[in-house]
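Novice: Sharing a structure with you now.
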Amino acid sequence: MQTQLTAGSMPTTIPFEQVYAEQKVASIQKALETAIWTGTGSSGSITGFASIFNTASVTDLNDAAFNWATDLTFATLQSTPSNAIKLLNTFETYLPADIKGYDDVAIFCGIDVFTAIKQGLVAENYFNISYLNGVENYELTLPGSNIKLYGVNGLNGEYDLYAGRTSHFVFGTDLLNEEERFEIFYAKEADEVRFVAEFKAGVQIAFPDQTRRFMMTAS
């Protein structure tokens with residue numbers, strides 16, 4: 001307290017400003033990632049990818065036409081390890097052939113779903129190096145393909161998986177890295193130190209017909 005806080009009763013800066021700023025950046029990035037995926041477009045939120053998938057012509061893979069006679073739930077994925085392999089094989093089989101040759105084909109899911117899939121593969125003794133390479137960063141590659149599975153915090157608790165080319169998942173802002181630009185300033189008229197951050201952001205899917213989704217419920 002004696003060495004770190006500003007002396008006097010009229011400070012024009014805040015103590016530990018760098019730590020505070022770093023925490024603000026991390027909080028903004030976390031909220032933005034969640035909005036990118038699950039934002040509804042209401043109450044100032046952007047319309048996220050999940051909401052766009054709901055209104056676009058996207059093929060859902062979780063039905064009998066794609067060999068799922070019974071709906072797969074997150075609870076069943078956790079309790080029946082073989083479902084992890086079947087789920088990944090469904091995406092590899094039914095992704096559009098036109099995009100499979102590109103090097104940016106990806107499947108996105110929450111880290112909770114990613115963890116269940118990884119644990120299912122381990123339980124089934126699928127120790128293929130493609131599966132295991134990158135799992136420490138919540139990333140794995142389907143063996144014999146260039147398709148990658150990514151676990152992202154923005155989809156935690158949602159249980160749905162989204163697939164397509166990453167270049168078709170578009171994020172737009174009016175200034176690159178603007179989410180990192182903010183100001184901490186002293187407002188003399190109010191005799192207080194204030195923080196402000198403003199930026200524009202939005203997402204869109206370039207070609208919905210070249211994407212796929214698998215929907216699950218919790219149980």
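Novice: How far apart, in nm, are two points set 7 Å out from the Cα along the Cα-to-Cβ line at Thr80 and at Phe207?
Specialist: For the pair Thr80/Phe207, the computed spacing is 3.4 nm.
Novice: I've got another one for you. Order these by the 10 Å Cβ neighbour count, fewest first: Tyr131, Tyr138.
Specialist: So the residues, fewest neighbours to most, are Tyr138, Tyr131.
Novice: Among the GluC sites (Glu not before Pro) in the range 77-164, which ones are in a DSSP loop with at most 16 other Cβ atoms within 10 Å of the Cβ? Mind listing them? The partial results should precede the final answer.
Specialist: Details: sites: Glu92, Glu124, Glu136, Glu139, Glu158; in loops: Glu124, Glu158.
When the GluC sites (Glu not before Pro) of the range 77-164 are filtered for loop state and at most 16 Cβ neighbours within 10 Å, Glu124 remain.
Novice: Taking only C-alpha pairs under 8 Å that are 6+ residues apart, what is the relative contact order of the range 17-214 in percent?
Specialist: Values: 317 pairs, mean separation 52.0, N = 198.
Relative CO of the range 17-214 lands at 26 percent.
Novice: Once Rg/Rh (Cα atoms, Kirkwood Rh) is worked out from the coordinates, which option in (1) 1.10; (2) 0.98; (3) 0.96 does it equal?
Specialist: Comparing each candidate, only (1) matches the computed number.
Novice: Can you give me the distance in nm between label points at Asp104 and Ser27, each placed 7 Å from the Cα along the Cα-to-Cβ direction?
Specialist: 3.3
Coordinate-derived values only; no laboratory data. Computed from a predicted model, the values in this text were never measured in an experiment. Cβ coordinates were reconstructed from backbone atoms using ideal geometry, including for glycine residues, and neighbour counts include every protein chain displayed.
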